[in-house]
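Read the structure below first, then the notes.
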Amino acid sequence: MSKRYRIYTLAILDGLAEEDFHFRPKEKMEANSIGWILWHIAEVTDEFLWGMLKQNPIFPFGHSHLNHPADKPYPSSPELLKYLESSHQRYLDWLEKVEIADYEAKVEIPGFAPSTWNYLLLVLPIHERSHAYQIRYIRRLLGKPLPDTNAQNIFKNWPGQR
C-alpha cells in the first residue's frame, strides 16, 4: 500500500515548476506549500522510524520542518524529493525486516499515540495519502492540470472511493 501511495504522490508532482513547490495559498492564513508538505511527509516517516529504532533524530536540513525560520526559503524541490524518497526507502527497508508475532499487540512510539501494529502499519501510508490530496488541491489552485496518468486510478475500485 505504501508503494501505491508513493506512486500517486509522485504522479501529482509531475510537471510542477520549482516556484510551484513554494507557492503558499492564502498566505495570510498560513497555508502550507507543497514543499512544506513533502518535508512533513518525509519527516513524519523518519520520526516513526526514530521511535521504532530508538534513535536520535537526524534532520537532513539541520532542523525540523516545524522549526524552519519563516524568513528563509525551503529546500529546493530536488532536495525535498530526495529526502522524501530516502525516508520512504528507509521505511520500506525496516518493514521488510520487522517480524510481528501479534498484530494486535500494543506498541508505543514517542510522538505517536499508543497503538497496535495493525494501526501503525497503516498510519504512514494514510498520512501520505491525505497530504497527497492537499498537494492535488494546491496544484489545482495554481491552475495546473492534473496529470493524466494511470497512477490517478490507483484507488478507483477500492471500497469507499468514487
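Laboratory data are not the source of any read-out in this text; all were calculated from the coordinates shown. Note that the coordinates shown come from a computational prediction; the quantities given were computed from them, not determined experimentally. A quick note on method: Cβ atoms are made from the backbone with ideal geometry, for glycine too, and the neighbour counts reach across all protein chains shown.
Express in % the proportion of alpha carbon pairs of the range 2-153 at distances exceeding 23 Å.
Details: 4565 of 11476 pairs.
Across the range 2-153, Cα pairs with separations above 23 Å total 40 percent.
Take S115 and R90, extend 7 Å from each Cα along the Cα→Cβ direction, and tell me the distance between the two endpoints in nm.
A separation of 1.8 nm, rounded to one decimal place.
If you place +1 on the Cβ of every Lys and Arg and -1 on the Cβ of every Asp and Glu, how big does the dipole about the Cα centre of the chain come out, in debye to the nearest 20?
560 debye
Show me the trypsin sites (Lys or Arg not before Pro) within the range 6-52 that DSSP assigns to loop and that have at most 10 other Cβ atoms within 10 Å of their Cβ.
Values: sites: R6, K26, K28; in loops: K26.
Sparse-neighbourhood loop trypsin sites (Lys or Arg not before Pro): K26.
Among E43, E18, rank each residue by its count of other Cβ atoms within 10 Å, from fewest to most, as a rough exposure measure. Don't skip to the answer; put the middle values down first.
Numbers: E43 21, E18 10.
Sorted ascending by nearby Cβ count, the order is E18, E43.
Along the charge dipole of the chain, pointing to its positive end and built from +1/-1 on Cβ of Lys, Arg, Asp and Glu, which listed residue (S87, Q55, I12) has its Cα farthest out?
I12
Give, as a single signed number, the net charge of other residues whose beta carbon lies under 12 Å from the beta carbon of A132, with Lys and Arg counted +1 and Asp and Glu -1. Before the final figure, lay out each step's value.
Numbers: positive: R4, R6, R129, R136, R139; negative: E128.
Within the 12 Å Cβ shell, the charges total +4.
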